[in-house]
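Shown next, in structure tokens, is the structure this report addresses.
The numbers here are math on the coordinates, done by the rules we state, and not lab data. Everything numeric in this text was worked out from a predicted model, so none of it was measured. Methodologically, a virtual Cβ is constructed for each residue, glycine included, from the backbone with ideal geometry; neighbour enumeration extends over all protein chains shown.
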Amino acid sequence: MTTGDLLGKILQLVIGLAVFAVIVGLLIFFIDKAPKKGRDYWQLFLFLLPAMFLLALGLIYPAIRTTGLAFLDKSGNFSWDNFIWTFTQPAAIRTLINTIIWVLLVPTLSTALGLAYAVFIDRSRGERYYKALVFMPMAISFVGAGIIWRFVYEYKSAGREQIGLLNAFVVAFGGEPVQWMQTDPINTFLLIVVMIWIQTGFAMVVLSAAIKGIPTEQIEAAALDGTNAWQRFQNVTVPGIRGSLVVVLTTISIATLKVFDIVRTMTAGNFNTSVIANEMYTQAFRASEIGRGSALAVILLILVLPIVIYNVNVLRKQREIR
Amino acid sequence: MSSVAPADLPMKGGAGELEVTVESEAPTKTGRVKRRLTSRGATAAALIIAVLWTIPTFGLFISSFRPAELIQTTGWWTIFQNPGFTLDNYQDVLLGTSQSSPQLGAYFVNSLFIAIPATIFPLTFASMAAYAFAWMRFRFVNALFIFVFALQIFPLQMALVPLLQIFSTWLKPGQQWLHDLIPIIPVQNYLPIWIAHTIFALPLAIFLLHNFISEIPGEVIEAARVDGATHGQIFFRIVLPLAVPAIASVAIFQFLWVWNDLLVALIFSGGTQDAAPLTQRLAEMVGSRGQEWQRLTAGAFVSLIVPLIVFFSLQRYFVRGLLAGSTKG
């Protein structure tokens, strides 16, 4: 990077921020100068204008267009080919199956591990340090996590000293080193481990807060009745945090359905590890198969839609209560 | 929904608890008996999980300070048998000038210069919209708000292809013009990424800030209106200062989201030193030079350092923002 490059970048930042300040200033000017007649409407309109304009331009119109593109073949005629391809080509079917495996394993295992950990460390000494260690992966990028775990899975041919932790263990127990990332189907499960590593911290923090919300009296009463720890967990703790469990499971499910960076960084979807979000990118932006990419995006939307509808219903109930 | 509902995650009720528990030892509610429900076995299990969760990052961190030939021939856990410490890896990835060096310095600047405006822009527009949603009551506004809420779970993938087409039609000529006017600004500048991140951040930011802004007592706003303040003045002088804690949480979340993003960068940055962020460069290095661990380890840590600093120094805001925003994308 030359000094000129750096200057150019700084200049961009300054110009960008200045132009933005001018835009906001103008908006506020017009808001305050709104005509007396129907003043509230005008002001509301101007307050909403930038956000709504950007959403319409950048999310709503593109979504409609993507849906359209999914039904066009290469010459621009209506066809179901893109969807037929998705559900008939072996590689595409494998992508769908992998996505299903991801979305079955990641939310359940992360939540189970996070819950177990939250219970184990509840009210123990140094609880906050325990939490920070497991929560830390949430802060870093999926790309960084991908590199961290590729290093764990690193392979050196048999006979050489292994530098990857996993193969070192395999060799220490008398096994042959494995090219983990190239070996189907175990590679998909090893990628899933990375996502679980990240999401467990999220589950743990939310569930830990929920556990602390359970009245102590309930737990004490159960203890006086002579129940053991497991029975108290089953009959008091779990029912007490059911709502939070649902939130954690749905949130991690959404994140898992959209997982892209991990697959992209670790295998780029090769060796039968692709998932929908990665395949969408590969088809639309690497293979120039816009139609197929759009069809995959639509499938992704359909998979997320039930959770969207569920959350909207929860929100509407809450707003009615107010 | 017991204590944590999706709509409650932000900064009321449920979130208050989260904050307390992350920040301090178990809350000492009056009369709470410090009875451990769990046994030695549980403590041991927790310890094992904590170690398992930390080792991968720790190994990468140790390796980033080891000389290249040692990384390639010995495991990092043998560091005491095969000692060796060097800062060359960091020197090489950050400042190296050779053709093969990753030159991460330039990408670090990009990450920073992308993330700062991509945090300020959406937060400004979102707080304006949140104010409108919270304090200007009209019938259709409620439906519009629920629609915006639904958009936050919406997969980005649905928007990427057409948005890229829009940008190459409408934005490209402007970028070219700016380059002709000021040659040190490259044709491929930050503008498309800024706009893309701004758009994708809006639904979540509006929702979270609305939750907070609508909690501001109505009398405060009414009093200002009686005194003749305009909506612009109320927004800047009263609402924004009161909403600072909420804005800080959302801002930290958004900053890290942009810093850690790969997908938006891949599509809108052009992929060169001119505008591509660290994550994109690292992903590319893994693809093309996945065996050069001396560079990958140090490079990964260059990109992790900012999130880790934010995580350890602003943990309270960070956790609140992250928990509230985890459905984004």
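Miscellaneous remarks
- Shape index of the protein assembly as shown: Rg/Rh, with Rg the Cα radius of gyration and Rh the Kirkwood radius from the inverse mean 1/r over Cα pairs, equals 0.97.
- Inter-site label distance for B:V220 and A:I60 at 7 Å from Cα along Cβ, in nm: 3.1 nm
- Calculated FRET value between B:Q233 and A:L249, using beta carbons and R₀ = 35 Å, to 0.05: 0.20
- Label point at A:T183 placed 7 Å out along Cα→Cβ; residues across region A:264-293 whose backbone nitrogen lies under 17 Å: A:267, A:271-273
- For A:G293, the shell of other residues with beta-carbons less than 15 Å away shows a net charge of +2, using +1 for Lys and Arg and -1 for Asp and Glu.
- Shown here: chain B, whose C-alpha atoms stretch 74, 71, 34 Å along the first, second and third principal axes, sorted largest to smallest.
- Fluctuation leader among A:I28, A:I214, A:I186 - chain A, Gaussian network, Cα springs under 10 angstrom: A:I28
- Residue of B:F236, B:F145, B:F318 that the Gaussian network model of chain B assigns the largest fluctuation, springs spanning Cα pairs under 10 Å: B:F236
- Listed pairs A:K131/A:K258; A:K74/B:K172; A:K9/A:K258 exceeding 29 Å between Cα atoms: A:K9/A:K258
- Here the label points at B:K172 and B:T86, each 7 Å from Cα along the C-beta direction, are separated by 4.5 nm in the simple model.
- Net charge in the neighbourhood of B:Q188 (other residues with Cβ under 15 Å of its Cβ; Lys, Arg +1, Asp, Glu -1) is 0.
- Other protein chain C-beta atoms within 10 Å of residue C-beta, averaged over B:48-61: 6.
- Kyte-Doolittle at least 0.5, axis length at least 20 Å by Cα - qualifying DSSP helices, chain A: A:3-32, A:39-55, A:90-121, A:186-212, A:242-257, A:290-321
- Here the convex hull built on the C-alpha positions of region A:3-70 has a volume of 102 cubic angstrom per residue.
- Per the Cα gyration tensor, region A:147-226 maps to an equivalent ellipsoid with semi-axes of 43, 15, 10 Å, ordered largest to smallest.
- Per-residue mean of foreign Cβ neighbours for B:119-129 is 5 (Cβ atoms of other chains, 10 Å radius).
- 10 Å beta-carbon shell around B:A46, net charge (K/R +1, D/E -1): -2
- Shielding of B:241-254 by partner chains, average beta-carbon count, 10 Å: 0
- Label separation (A:K317 vs B:S98): 6.3 nm, computed from points 7 Å beyond Cα along the C-beta direction.
- Amide H contacts under 5 Å for A:L72, placed H, 5+ residues apart: A:S79
- Estimated 222 nm signal from helices in chain A, with DSSP H stretches of n ≥ 4 weighted -39500 (n - 2.57), rounded to 500: -23000 deg cm²/dmol
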